[in-house]
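Here the structure comes first, spelled out in structure tokens, and everything after it is commentary.
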């Protein structure tokens with residue numbers, strides 16, 4: 001067996017956060033001091049070059065070897081991250097024990113351990129059904145356990161993570177592309193960033209399967225329960241299936257917020273996003289504290305904003321899913337449009353695109369509460385879709401609901417409006433083709449305002465508020 005040399009000459013130049021200098025003992029008994037492990041605790045990394053595999057673990061020993069490290073990161077060639085970030089193309093990185101990274105120390109407002117992310121391109125990250133507890137990373141820029149991640153991530157649980165940055169932020173990675181994530185758990189995490197999500201702040205292409213998100217708090221400008229923003233210009237797109245959001249999940253944004261994804265942009269034909277057979281329990285809050293805000297606002301229980309700009313055949317499908325929770329928007333004065341939906345806030349389909357709910361077991365129980373100050377712009381709010389626009393020249397239904405059950409109380413309050421207000425139990429405002437087939441709605445729709453401009457219009461309905469030049473099929 002050939003092992004990787006134990007001396008590395010490349011320094012890790014990434015910015016890391018200075019950790020608490022105090023001695024700290026976690027609930028599992030692991031001790032830290034000055035940002036590193038202490039008290040005979042070590043990280044252990046063993047790499048087999050013939051098998052192209054590295055194993056990462058944590059143990060307590062009085063006889064450390066050259067494969068043991070007390071510092072994850074100390075800006076030297078002898079720390080663990082320097083070993084992890086050597087060229088590991090085609091290697092598997094596996095976790096062979098539970099690992100405690102110390103967590104976030106509220107008393108000092110610092111991470112217990114100094115951290116820097118993994119940048120090596122491992123072909124697979126295999127958690128072997130182990131847990132990484134207390135991952136903490138606070139810095140300017142992007143934050144995540146991996147700086148960016150492609151390839152496979154499987155069988156790993158992150159508990160009690162705390163990540164806070166000014167760019168893309170996620171527990172697994174700041175961004176992912178062409179990645180397959182299976183049996184991944186994020187539990188009890190706090191994620192803060194510009195684009196922020198429990199899994200990643202940004203995703204280019206992914207499959208997320210059999211994974212769990214629970215008791216997370218995500219906050220930032222563009223936020224989602226799993227991914228802050230996703231985009232794609234080629235390839236097959238994104239798939240999410242058999243996933244579960246449980247416990248108390250709060251997704252708080254200041255411009256775009258979605259229970260699963262904040263913003264989704266598709267710019268290639270034959271592309272899709274499928275979310276299937278998943279249970280999503282989430283509370284979405286879009287809150288603007290500024291006295292006056294200029295710009296559009298988007299919020300949805302599943303996706304805040306969807307835009308497609310490809311030549312044909314794009315699909316955004318939510319099938320056989322269950323959504324439970326709420327979507328709430330709180331603002332003062334806004335100059336711009338406001339789009340809010342129990343599932344999708346805004347869908348702009350430049351060509352043939354199909355945001356849809358399908359499947360005998362698809363249910364949406366998302367209450368919608370929009371409380372605005374003065375608004376100079378249009379307001380579109382629906383129990384499922386806030387606003388759906390489609391320029392299709394291919395026919396068919398752009399926005400469809402089949403075999404779906406919707407229970408939602410839709411409530412909108414404004415101080416003053418100079419623009420049109422569209423409020424519906426299912427669709428707030430729909431333009432061109434739509435379908436509500438073999439489905440039912442149960443709930444209430446209400447609107448209250450202090451003043452309504454004489455040039456404004458109010459559209460309200462139990463199914464849709466405004467259907468502008470639309471072809472709607474109801475069955």
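State which residue pairs qualify: first residue at positive phi and crowded, with 21+ Cβ neighbours inside 10 Å and inside the range 85-108, second residue part of a strand (DSSP E or B) and modelled with pLDDT of 95 or more in any location, beta carbons under 7 Å apart, and separation of 6 or more residues or different chains. Once the first residue is at positive phi and crowded, with 21+ Cβ neighbours inside 10 Å and sits in the range 85-108, its partners that are part of a strand (DSSP E or B) and modelled with pLDDT of 95 or more give 102/32; 102/111; 102/113; 102/136; 103/136; 103/162. Being closer than 15 Å to residue 190 by Cα, at pLDDT 95 or above and crowded, with 19+ Cβ neighbours inside 10 Å is true of residue 135. Return a yes/no flag: does the range 230-238 have any residue that is modelled with pLDDT of 95 or more, in a strand (DSSP E or B) and surrounded by 24 or more Cβ atoms within 10 Å (Cβ to Cβ). No: the range 230-238 contains no residue that is modelled with pLDDT of 95 or more, in a strand (DSSP E or B) and surrounded by 24 or more Cβ atoms within 10 Å (Cβ to Cβ). Is it the case, given these coordinates, that residue 82 is in a helix (DSSP H, G or I), farther than 23 Å from residue 28 by Cβ and out of contact with any strand residue (DSSP E or B) (no Cβ under 8 Å at 6 or more places or on another chain)? Yes; evaluated as a whole, the condition is true for this residue. Figure legend. Inter-residue proximity from the range 283-298: first residues on the phi > 0 side of the Ramachandran plot and touching a residue at least 24 places away in the same chain (Cβ under 8 Å), second residues surrounded by 12 or more Cβ atoms within 10 Å (Cβ to Cβ) and not in a loop (DSSP other than H, G, I, E, B), beta-carbon distance below 7 Å, spacing 6+ or different chains. Indicated pairs: 295/255. Give me the strands (runs of 3 or more DSSP E) completely within the range 287-373, filtered to those with at least 1 residues that are at pLDDT 90 or above, more than 19 Å from the chain's Cα centre (by Cα) and within 18 Å of residue 423 (Cβ to Cβ), ordered by residue number. By residue number, 322-330, 333-335, 338-341, 362-371.
A quick yes/no check of all residues on (1) in a strand (DSSP E or B); (2) modelled with pLDDT under 90; (3) in contact with a helix residue (DSSP H, G or I) (Cβ under 9 Å, 6 or more places away or on another chain):
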| position | (1), (2), (3) |
| --- | --- |
| 240 | yes, no, no |
| 248 | no, no, no |
| 253 | yes, no, no |
| 256 | yes, no, no |
| 265 | yes, yes, no |
| 272 | yes, yes, no |
| 275 | yes, yes, no |
| 281 | yes, no, no |
| 284 | yes, no, no |
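What is the one condition in (1) more than 17 Å from residue 345 (Cα to Cα); (2) more than 11 Å from the chain's Cα centre (by Cα); (3) crowded, with 19+ Cβ neighbours inside 10 Å that residue 255 does not satisfy? It fails just one condition, (1). Among the candidates 466, 429, the residue that is over 28 Å from the mean Cα position of the chain (by Cα) and surrounded by 18 or more Cβ atoms within 10 Å (Cβ to Cβ) is uniquely 466. If only residues of the range 106-121 that are at pLDDT 95 or above and out of contact with any helix residue (DSSP H, G or I) (no Cβ under 9 Å at 6 or more places or on another chain) are counted, the one that is farthest from residue 25 (Cα to Cα) is 114. Is at least one residue of the range 137-144 without any contact (Cβ under 8 Å) to a residue 40 or more places away in the chain and touching a strand residue (DSSP E or B) at 6+ places or on another chain (Cβ under 9 Å)? No: zero hits. When residue 76 is tested against the conditions (1) in contact with a strand residue (DSSP E or B) (Cβ under 9 Å, 6 or more places away or on another chain); (2) touching a residue at least 60 places away in the same chain (Cβ under 8 Å); (3) part of a loop (DSSP other than H, G, I, E, B), the lone failure is (1). For the range 454-475, the candidate set comprises residues that are in a loop (DSSP other than H, G, I, E, B) and at pLDDT 85 or above; within that set, the residue that is nearest to residue 411 (Cα to Cα) is 462.
Checked against (1) in a loop (DSSP other than H, G, I, E, B); (2) farther than 20 Å from residue 80 by Cα; (3) without any contact (Cβ under 8 Å) to a residue 60 or more places away in the chain, residue 121 passes all but condition (2).
The values are calculated or read from the model by the stated rules, or taken from the named source; none is laboratory data. Since the structure is predicted, the reported quantities are computational estimates derived from the model, not experimental observations. Quick reminder, even Gly has a Cβ in these numbers, built from the backbone with ideal geometry, and neighbours come from all protein chains shown.
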